[in-house]
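Structure, as structure tokens:
Please treat every number below as a calculation from the coordinates, not as lab data. Bear in mind that the values here come from a model prediction, so they are computed numbers and not experimental data. Glycine also receives a Cβ, built like all others from the backbone with ideal geometry; neighbour counts cover every protein chain displayed.
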Amino acid sequence: MLNTALKDRVTSRILPNVQMPAQYLGGELHSVRKDHREARGSVCIAFPDTYAMGMSHHGLQVLYGIMNASGWACERAFTPLPDFEAALRSHEVPLYGLETFTPLHEFDVLGFTLQYEISYSNILTMLDLGGIPLHAEDRGPDDTLVIAGGPGGQNPEVIAPFIDLFVLGDGEPSLPFVCEQWKAMQGNGMSRDDKLAAIASRVDWAYVPRFYEPIYNEDGVQVDTARTRDDVPDSIRQCVEADLDASPLPTSPVVPFVQTAHDRIAIEIMRGCPWQCRFCQSTTLKRPLRYRTVDTIVDAALETYRNTGYDEISLLSLSTSDYPKFEELVTRMSEVFTPLGVKISLPSLRITEMLKKIPALLQEGRRSGLTLAPEVARDDMREQIRKPVKNQDLYDGCREAFRRGWRKVKLYFMCGLPGERPVDLDGIVEMAEIISRIGKEETGRYTEVTASVSNFVPKSATPYQWNGMQRREYFEWAHRYLKSKVSMRSVRIKCHDIDTSMLEGVLTRGDRRLAPALEEAWRRGARLDAWREHFRPDLWWQAFADLGIDLDFYVHRQRGVDEVLPWDLIRIKKGREYLAKEQGRSVLQLDAMAGAV
């Protein structure tokens, strides 16, 4: 059921005057258009970032395929760029699903996928443009159900007033369940509260914020969370897709008309990570470890290639080289796809002895840069963050890659970790320069090495969740220090924007009392904050100041392990006790490091 009137207004009056109009048009290869009246229900997957980012997200393609295959009319919506948002508002045109130009408020369910806390303001943009009341409490019994899931929702409190229901964990089993439950209750006379409670009472992974009330001390510290209904869970757990190999891969993904962040095939080979790095939220959220078989992966990749014609395949996981049959998989993929001129991309490689075998496994073919994430450069700091990798394995792997045609290396590091010392920063530059010199030894030219340095943000559901984040002044000093230590033209230090990191720290570690500041910053013009050209940090800092919010309390304060945290209601597989134990071990190691200096 195409809304031709709305489409005609958009295509004739708006698209000729905006940047990259094809991203707002729909109709791409493998997109699915259905008559909503003939479908079991309608759901729009909303990605709170631009089309270029959203269409590069593997999870969106997975859920889009699952819901359309199950008889639902599933569509897509993305955050518009400022010119398109302004045009929609001036022409009084609502934001719509790309497939049928149906306004967002006419869908049964609107589901946000949350990958990054900095995108929170985009949620408000999309709700407002879509004609959906911003606040969940203002929606009627049969209004569109607004749900959200993904790692950006692990601490759901900052956006709790705007979301009806959060889905924690894997989306493959949870999204169809919630959609079916909601659709079955439409028009039955139940209140919105009773419908939401009915869903929450049937599973342990659905969080409905309106049924939970935070309780604070006079000093502002949260001391408890009270349920307002007895028929909802007293704690929320992760939904788990038990059989990953049986879970369908999107072998006919939507192929965009325009260039996106990742124009390639993506195949998830493994979910979870066998390691337990203390800084990493994903390793706690994605448990247990699950795999797809080699045959499943190769067959899906080949079918997707035939359906799309992409010339690159990315094998996705948190730690691809820890896949149990990694050598067999890479050998099979290389044998099948190298003759076709298709590049195999391995974006998440752990630095082990396996690293030096990878260039040979990929045979001959198109070479790209080698991307690795040592995170830190000294052994004692690695023990402290619990990432057991060895520098020599890194150097041996790079040497073998240079021998076989690789010419660039990108390294990911963090600064601002607990207990960080100047010698840890020295190690970042030293490691990058050693790799560049290894390139000179093997190829006759110094290798281009980029060390990308992010500012550490302590995340919820990690052992560092009690740690305070370093202050702005420290990051400014660390960035200057790193760049001053570089002595080779072939080595580049690239540091992440400090304002973006500070805002991430606020939104990641905040509670429900920050929601008014989020809304105020958005009303003042905060848009697409993850994009440097659109980010206006002054709007945020002024909004926090005007509302009397103490950022030190949320961002920089060291919290005791017995303090109730805003996200404690959301349980992880190993439990809070495991995180507290790891925090204690980290403190002991930090003391030992300080004594050794």
The chain, dipole about Cα centre (Lys/Arg Cβ +1, Asp/Glu Cβ -1), debye to the nearest 20: 1860
Sites removed, the longest contiguous part of the chain containing no DSSP-loop trypsin sites (Lys or Arg not before Pro) with at most 11 other Cβ within 10 Å is 38-488
Using a 7 Å offset from Cα along Cα-Cβ at E137, what residues in region 197-221 end up with backbone N under 15 Å from the label point? 209-215
Computed about the Cα centre, the charge dipole of region 242-348 from +1 Lys/Arg and -1 Asp/Glu charges at the Cβ has a magnitude in debye, to the nearest 20, of 440
Between R523 and E476, 0.36 nm times their residue separation minus their Cα-Cα distance comes to what? 14.0 nm
State the cysteines of the chain left without a partner when partners are defined as other cysteines whose beta carbon lies under 4.7 Å away. C44, C74, C179, C239, C273, C398, C415, C495
Between V486 and W531, what length comes free when the chain is fully extended (0.36 nm per residue of separation minus the Cα-Cα distance, one decimal in nm)? 13.4 nm
Taking 0.36 nm per residue of separation and subtracting the Cα-Cα distance, what length does fully extending D263 through V223 add? 9.7 nm
Computed FRET value (nearest 0.05) for A22 with L340, which takes r as the C-beta separation and R₀ as 22 Å: 0.20
Between R306 and K494, how many nm apart are label points set 7 Å from Cα along the C-beta direction? 3.7
A86 versus R202, label points 7 Å from Cα toward the beta carbon: distance in nm? 4.6
Under the rule of -39500 (n - 2.57) per DSSP H run of 4 or more residues, summed and divided by the residues of the chain, what mean residue ellipticity at 222 nm is obtained, to the nearest 500 deg cm²/dmol? -10500 deg cm²/dmol
Roughly how many nanometres apart are two label points built 7 Å out from the Cα toward the Cβ at I215 and S252? 5.5
Net charge of Cβ neighbours under 12 Å - reference S119; Lys, Arg +1; Asp, Glu -1: -3
